[in-house]
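In what follows, a structure is listed as structure tokens, so that the remarks can point back to it.
Laboratory data are not the source of any read-out in this text; all were calculated from the coordinates shown. None of these values were measured; they are calculated from a predicted model. Here Cβ is always computed from backbone atoms with ideal geometry, including for glycine, and neighbour counts include all displayed protein chains.
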Amino acid sequence: MDTLFDLPANQPAPARPGADDLLEDLNPAQREAVTHAGGPLLVVAGAGSGKTRVLTRRIAYLLGQRHVHPGEIMAITFTNKAAAEMRERVSSLVGRRANAMWVSTFHSMCVRILRREAKTLDMSSNFSIYDSDDTKRLITLVARDLDIDPKKYAARTLAVHISNLKNELADPETAASNAGNDLERRVAEVYAEYQRRLEAANAFDFDDLIMRTVSLLQVFPAVAEYYRRRFRHILVDEYQDTNHAQYTLVRELAGTEATDTGIDPAELCVVGDADQSIYAFRGATLRNIEEFERDFPNAHTILLEQNYRSTQTILSAANAVIERNPNRRAKRLWTDSGDGEKIVGYVSDNDHDEAAFVAGEIDALAEQGAADYSDVAVFYRTNNQSRVFEEIFIRLGLPYKVVGGVRFYERREVRDMIAYLRVLANPEDTVSLRRILNVPKRGIGDRAEAVVATHAERERISFWAALRDAVDGKVALLNPRSAKAITGFVTLLDDLRETTSSGAEVHDVLEAVLERTGYRAELEESDDPQDASRVENLTELVTVAREFAEFTAEVIQDENAELVVDDGVPAPGSLPAFLERVSLVADADSIPSPDGGEEGDGGAGVVTLMTVHTAKGLEYPVVFCTGWEDGVFPHLRALGDPAELAEERRLAYVAITRARQRLYVSRALVRSAWGQPQMNPASRFLDELPPDLVDWRRLEPSSPGFGNFGSSSGGASSGPRAATTWGRRSSSSASSGSPFGKAWKDTVALKLDVGDRVSHDKYGLGTVISCDGVGPRATATIDFGASGKVRLMLIGSVPMVKL
Ligand SMILES: Nc1ncnc2c1ncn2[C@@H]1O[C@H](COP(=O)(O)OP(=O)(O)OP(=O)(O)O)[C@@H](O)[C@H]1O
Ligand SMILES: [Mg+2]
């Protein structure tokens, strides 16, 4: 018998809920989607219509009613957290049998396949996973070796182009033959060498995880057949955000016709909403949802229109915003849950006041018993906007959690430690090895590194092998002091590796690294207060590793079903398992659970702060949409670009539709961006909200003196709170006005035409190359030569003069 599909002997009798239980609380369209059998199925529907619920329920139905084995199911979600939740929900419906399913993100799923099949690709299964920072490092090295001028082609630019090529499944040869200009030729050249070195380092970057899995399935029919035979049901959530590579992967896994050996295509079920596609910058393409029926023969499409999440007011607002997008399939969401509360609008003087308003409202809601902290989410467009909220939340003692931003694993000291661990797991990992070569300082300078690198290139051996050659005195031009330092380093790594291989747990290995490298001692001896917090972060990392070991130990006991028998998964609690977890962790994975009250918070949980992108798929009773200003949301970049603007609008739609009962929208007249006060007009999305749905608690003042606002004589930060200076409009009179005031007419500082020459305080001299928008929305794209092309808003106190 195939052990892969074997259930452990100690498994309790599986719970088999009856069909009625599984279908009872579904509407007819949802029911159809859950029970549909046979050909490919697309469920397209607006936000909150139960797409994710359908997917989860369908899995339960497959297991409970159609007697599908859990090992035959593969479900793909957008975040690891969503995967864990889906597994949990299915478990609660059908019991522990759910553990043998593959429920994961695209990336985790590919890692699992690649670990299993590494040999086929001439890689070893202990490969490293390079994140964007590692990628940039390697590209920088490659570009330097290819004599590419970093001023002309920055590593970041090259990285973006290479990533795009990979998302399109273009290999280096294809990229080279399609290259039509100098940039593309340079990119193709870097791409080829970068790819060679990735393979030499036994590493995959994020995009490779998908691309290489696709090519694995395409090039090796036996491998494809194995997975085709195994996975008979493939389910994909958030299908609108798949890119070309992911789409191809799904197609290869599911198949579109029977194989030569007679295996029919898997049953495919994808769910999505074209209006929520917000990852175009990662290559996501609406085409995948629009062309589903053409891509998959005999496909069936089901529409869901009833929304179960939000009030009618919230839905009408969302509809009003999204319906302005051109070329979309009109669909109307409805709910029978009633109108609910009006949307609350607020125009604040500046970003600090906006945060104070949000904090005050949250407090008031908590006090009235209208919401717990954990019911509340605060959204902003970009991570840097979280700071002002944090300041005020800390001051008021309001419990909160910021999701995203500079992540723990991106901190220098944490990355250094991870680099050590990676080298211990995979000595060929050159990027990590070179990172720690002289960290902490051990007398291996840049020159010595370069000499070793050259030796490695010449001898066509890995950097690690070249270091060993240095120990054996086989590297010419290396001075004896460096050779001695290298010997010390190699011995240190050999010793540490022994610790690892003797079965020590990850946290013990980490402790050993911190100790024996002298890394911790160096930080502890330093006077720099930052180094003290680095020590804390490292302690935290050890704790994370310990918890990981403990957690996985429980998992082994609890669900030895698949983890042990499936060779795609590294041994639980092992170093490779830990590194995999660290590499694939995403912002959304640390979102607090709704009922997950933190210790000491009295059970009310925490307010969650995050970007709209991170909030995809989630729902909260109370949502604050902040920073709704043209230039912030929609993002400045989108202001003259219809495609980008459409994407921002979808993002606004996602934001609004996260709310269940109460929605707040706010903006600040002045925002301190990059240390400089910036005046932004109201977001065009605010203007699109039907006026009768919004209760404007505070509007923009219309006093004529407002023209000076933002300059030294203005009252932006000095004046008393608006009540006295600006008055306060009652909500009844507010409904007649829009959140714009007349005041903008006075504040337009600069009128520019194409060809005008300007001088900007920060960017220097420039030439206007295009203009867009009028009045408060006027922007100009200016070529500042060496400082690049920049799109600027022309209102308020632009530090720029026309020459
Ligand atoms: N038939 C139903 N009866 C009651 N509640 C439902 C029903 N269908 C879905 N829901 C609830 O509605 C909410 C939204 O469902 P779900 O998250 O599955 O929607 P979605 O379409 O995936 O949303 P999004 O587009 O934001 O991902 C959830 O709280 C879900 O439990
Ligand atoms: Mg969903």
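Which of the helices in the chain, when you take each full DSSP H run, stretch at least 30 Å along the axis at their Cα atoms and have an average Kyte-Doolittle score of -1.0 or higher? All intermediate terms of the calculation are to be shown ahead of the outcome.
Working: long enough: 480-501 (31 Å, -0.15); 529-558 (44 Å, -0.23).
Span-like helices here: 480-501, 529-558.
Rounded to the nearest whole angstrom, the semi-axes of the ellipsoid equivalent to the range 482-526, taken from the Cα gyration tensor as √(5λ), stand at 19, 17, 4, largest first.
Calculate the length of the line joining the C-alpha centroid of the range 522-545 to that of the range 460-480, in whole Å. Computed from Cα coordinates, the inter-centre distance equals 33 Å.
Can you divide the C-alpha Rg of the range 20-162 by 2.2 N^0.38 Å and report the result to two decimal places? If you can, show how the numbers build up before the last one.
Working: Rg = 21.3 Å, N = 143, 2.2 N^0.38 = 14.5 Å.
After normalising by residue count via 2.2 N^0.38 Å, the value is 1.47.
Between ALA682 and ASP630, the built amide H atoms are under 5 Å apart, and every one of these is 5 or more places off in sequence or on another chain. Cross-link partners for LYS51 among the lysines, with Cα-Cα distance under 16 Å and sequence neighbours closer than 8 places in the same chain left out: LYS331, LYS616.
Tell me, what is the FRET efficiency for ASN438 and THR543 to the nearest 0.05, using R0 = 22 angstrom and their Cβ-Cβ distance as r?
On the way: r = 28 Å, r/R0 = 1.26.
With R0 = 22 Å, the Cβ-Cβ based efficiency is 0.20.
Amide H contacts for ASN350 (H built 1.01 Å from N in the peptide plane; partners 5 or more residues away or on another chain; cut-off under 5 Å): LEU669, VAL670.
Taking other C-beta atoms within 10 Å as the exposure proxy, CYS771, CYS625 rank CYS771, CYS625 from fewest upward. Between TYR130 and PHE204, ASP205, PHE206, the built amide H atoms are under 5 Å apart, and every one of these is 5 or more places off in sequence or on another chain.
Estimate the FRET efficiency between ARG387 and ARG156 by the formula 1/(1 + (r/R0)^6), using the beta-carbon distance for r and 35 Å for R0, to the nearest 0.05.
Working: r = 24 Å, r/R0 = 0.68.
E between ARG387 and ARG156, to the nearest 0.05, is 0.90.
Note on CYS110, CYS269: ascending count of other Cβ atoms within 10 Å places them as CYS110, CYS269, the fewest first.
Tell me whether the range 757-802 comes out rounded, prolate or oblate; compute the Cα gyration tensor, take square roots of the eigenvalues as a ≥ b ≥ c, and use a/c under 1.5 as the rounded threshold. Can you show the working numbers first?
Numbers: a/c = 2.21, a/b = 1.43, b/c = 1.54.
Since a/c reaches 1.5 but b/c is at least a/b, the shape of the range 757-802 is classed as oblate.
If you take the alpha carbon atoms of the chain and fit the smallest convex hull around them, that volume is 191 Å³ per residue. Beta bridges per DSSP, both residues in the chain: antiparallel share near 30 percent. Label separation (LEU477 vs LYS762): 4.3 nm, computed from points 7 Å beyond Cα along the C-beta direction. Gain on full extension, evaluated as 0.36 nm per residue between GLN530 and GLN676 minus their Cα-Cα distance, stands at 49.9 nm.
Summing Lys and Arg as +1 and Asp and Glu as -1 over all other residues whose Cβ lies under 11 Å from the Cβ of GLY640 gives a net charge of 0.
By the rule of a C-alpha distance below 25 Å, with chain neighbours fewer than 8 residues away ignored, the lysines paired with LYS151 are LYS136, LYS166, LYS762, LYS789. In order along the range 430-436, the phi-based Karplus estimate (6.51 cos²θ - 1.76 cosθ + 1.60, θ = phi - 60°) of 3J(HN,Hα) comes to 5, 4, 5, 4, 6, 4, 9 Hz; Gly and Pro are listed as x.
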